[in-house]
1. For the range B:37-106, which fully contained strands (runs of 3 or more DSSP E) count at least 3 residues that are within 7 Å of chain A (Cβ to nearest Cβ)?
2. List every residue pair whose Cβ atoms sit under 8 Å apart, with the two residues 6 or more apart in sequence or on different chains, where the first one lies in the range A:384-410 and is under 29 Å from residue A:370 (Cα atoms) and part of a helix (DSSP H, G or I) and the second, anywhere, is open to solvent by less than 50 Å² (accessible area, probe 1.4 Å) and aromatic (Phe, Trp, Tyr).
3. Just to be sure I understand the filter: pairs with C-beta atoms under 6 Å, separated by 6 or more residues or on different chains, first member in the range A:246-268 and small (Gly, Ala, Ser), second member part of a strand (DSSP E or B) and crowded, with 23+ Cβ neighbours inside 10 Å. Which pairs pass?
4. Taking the range A:380-400 as the search range and keeping residues that are in contact with a Leu (Cβ under 7 Å, 6 or more places away or on another chain) and within 7 Å of chain B (Cβ to nearest Cβ), which one is farthest from residue A:329 (Cα to Cα)?
5. Do we have residue A:57 as surrounded by 14 or more Cβ atoms within 10 Å (Cβ to Cβ) and either more than 23 Å from residue A:303 (Cβ to Cβ) or free of Cβ contacts under 8 Å to residues at least 24 places away in the same chain (or both) here?
6. Return the pair list, or none, for Cβ contacts closer than 7 Å from residues in the range A:365-376 that are closer than 29 Å to residue A:327 by Cβ to residues that are not in a strand (DSSP E or B), at least 6 apart or on different chains.
7. Out of curiosity, is residue A:385 over 12 Å from residue A:327 (Cβ atoms) and in contact with a helix residue (DSSP H, G or I) (Cβ under 9 Å, 6 or more places away or on another chain)?
8. Filter the range A:411-444 down to the residues that are free of Cβ contacts under 8 Å to residues at least 12 places away in the same chain and open to solvent by less than 10 Å² (accessible area, probe 1.4 Å) and list them by number.
Amino acid sequence: MNTEATAVQTAPGVGDSASFERHLSLSALPESWKNWKKEYWEKYEELPFPRTRDEHWRFASRIDFDLSGFQLAEDASDDTIEEVLSRSNLVAERSGQIVFVDNQLVSEEAIPEELAARGVVFLPLAEAVTKHPELVERYLFQESTDLGSDKFHALHNAYSESGYLLYVPDNVEIDAPFAVYHWHAAPGAALFPHILVVGGRNSRFSVVDAQQSLFEDRTGFSCAVGNVFAEDGAKIYRRTIQNFNNRMVSFQLDTNNVDRDTAVRGINLNLGSRRARFENEVRINGAGADVKLYSLTVAENDQEFDQRTLQIHNAPNAVSDLLYKNALMDHSRTIFSGLIKVAKDAQQTDAYQTNRNLLLNDTAQANSLPGLEIEANDVKCSHGATTGQLDRDELFYFLQRGIPKRIAQQLMVFGFFEEVIEQFDNEELEENLRGLIQAKFEKKQLDAVTPKMETT
Amino acid sequence: MSQLEIKNLNAGIAGQSILKDFSLTVPKGEVHALMGPNGTGKSTLAKVLAGHEDYEVESGSVLMDGEEILGKEPDEVARDGLFLAFQYPLEIPGVSIANFIRAALQARQEDGEKFDAPAYYRRLYEKMNILQIDKKFSARSVNEGFSGGEKKRCEILQMSMLEPSYCVMDETDSGLDIDALKIVANGVNLMRGPDRGILVITHYQRLLDYIVPDKVHVMYEGRIVHSGEKELALELEEKGYDWVRDELATTAS
């Protein structure tokens, strides 16, 4: 039983060229894709690792970039597959579901026939590349990142074959969400989930991505890339749940390209990983777009969540509104660094950015770096960051109603979360997510309330 | 024994003495009004009774049905039966009124006792109806974005749901127009009864037109200087608080 574990331990890590060569030799993808892979691998090798003095890595003090312990996993056992399928249950009412374990496709639920008949595509990438080469050619690997993780972006593109393409053609509107699970199971497994979401003109749909670990005690590495393309008038609602175990190192590198009169919502719940880096870039390329980005992070122990965002307004009359909330316990850290960029021609822009941090223990640390770069002269832009503790007057109000301190604190903390949770706009999912968060609070002693005010 | 008995209470905040040998007894079944000018210590009294940690008690005692409540944790005092209607009710984002009151009721249950949610909501809607609060409010965050009148009605709603033995109502009339005042007063009057003592703290007499007290006390510089029947409030209204000050000055000289 131990031989397999030993073999895994001694295999080269995903940052090693021997690992990449082996991966390439085993890949069943078309030659053109393999050639991309080689290009990206070369790019990965050329690029330096980030340094914490780089602007995009300021305050990221805990992450290290040692990939030697992470390998592509072997195929999962039947037991593992059975277990992940039984636990892939966040969304019962859905338009389709795909489940991956350690990059391996283990379940693919066909979409309703009427959607297929209208041209909706919801397929694992490896299948999409043969069935819809034109879509893959047009959208896959077209994106880059501007927020500091280009080396990891290249690594992702070199390895990634797992992931999916969701394409909803013009004028197709779908109520029930598509659901995708990206599970981590094997010790030391390296995951490269690819998320490709394309909404045609005036389409409307939503998708849920859940990243989770099957086991609490296994290390792993995940480098996910998500690219959203919203064509004129598209309404896309993307929900992402990062709930890996606390031994993972994870990257999520996202871009959103939005055209005229689109309505794009991005909402993230971040609970897991020892170190989690999240880059989210919005490029507004068409007038009248309306983009809202929400995130809720609950940090504990020595977790470090590093969030970098960029809202780029290249077109006039568009709105982007960002609200990132972090709650920190123990000696966890968060970093929020956000930039709003408004181009000269993007007049009548409304762009907002808010970061709120709630420190629940005195030893936690939240860092905030909001920024604006505005070249247009007729815009409404604001950014704000607050870091605080539970309000002691509010706490007294709870206590005076007979509610014990511990329960009062929980209600206050969940009250802080609710503003983001309710944006998931799906009761079943919201209840499931509240449950996930609740689990993080069991046995926690929170001590941070605002200090006593000096009376003047 | 069935009374809230405050005896020789000396208390203050940040090293400053505010309550000076304050004594007052509110028996169950009675409504007492505590009147006085601003800055005389009325709100301090309310906070001290509720066990707010910022306030320092130097000496004295507060017996609720014979049991000392000074030194107890605020949530324990509350569960023992003391309710404070806040002058400035706090806004609690993300916590609905229904969940807030539910948590308060559940905190009063025995371990293992089941919470009867349907009965709870029936009762909640009944009380909301009396206080003319729209049902939809139960799902709204506590006091968030409420008008002054809505906040005060929400206080009375909580009070009527929790059925405390003693209510201390701190400037409940502040910020209310006459219609809201009548609704709030009606809610309070419905709670009068042999099992409850109510202390109404107010600056103005007008609230007492609607909540007619059994006794009126006038507070000045941290202690009660006059006690009398409900007519005292009218006299005070007529003569103003200067009357109290001048009278004290006369006595002292």
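The values are calculated or read from the model by the stated rules, or taken from the named source; none is laboratory data. These numbers come from a predicted model, not from an experiment. Cβ: placed from backbone, ideal geometry, glycine included. Neighbour counts: every protein chain shown. In case anyone asks, the SASA skips ligands and DNA or RNA and just uses the protein heavy atoms, side chains included. Shrake-Rupley method; radii C 1.70, N 1.55, O 1.52, S 1.80 Å.
1. B:92-96
2. A:410/A:441
3. A:250/A:222; A:250/A:276; A:266/A:238; A:266/A:293
4. Applying the filter and picking the extreme gives A:400.
5. Values: surrounded by 14 or more Cβ atoms within 10 Å (Cβ to Cβ): yes; either more than 23 Å from residue A:303 (Cβ to Cβ) or free of Cβ contacts under 8 Å to residues at least 24 places away in the same chain (or both): no.
No.
6. These pairs meet every condition: A:367/A:59; A:369/A:58.
7. Numbers: over 12 Å from residue A:327 (Cβ atoms): yes; in contact with a helix residue (DSSP H, G or I) (Cβ under 9 Å, 6 or more places away or on another chain): no.
No; evaluated as a whole, the condition is false for this residue.
8. A:415 - this is the single residue of the range A:411-444 that is free of Cβ contacts under 8 Å to residues at least 12 places away in the same chain and open to solvent by less than 10 Å² (accessible area, probe 1.4 Å).
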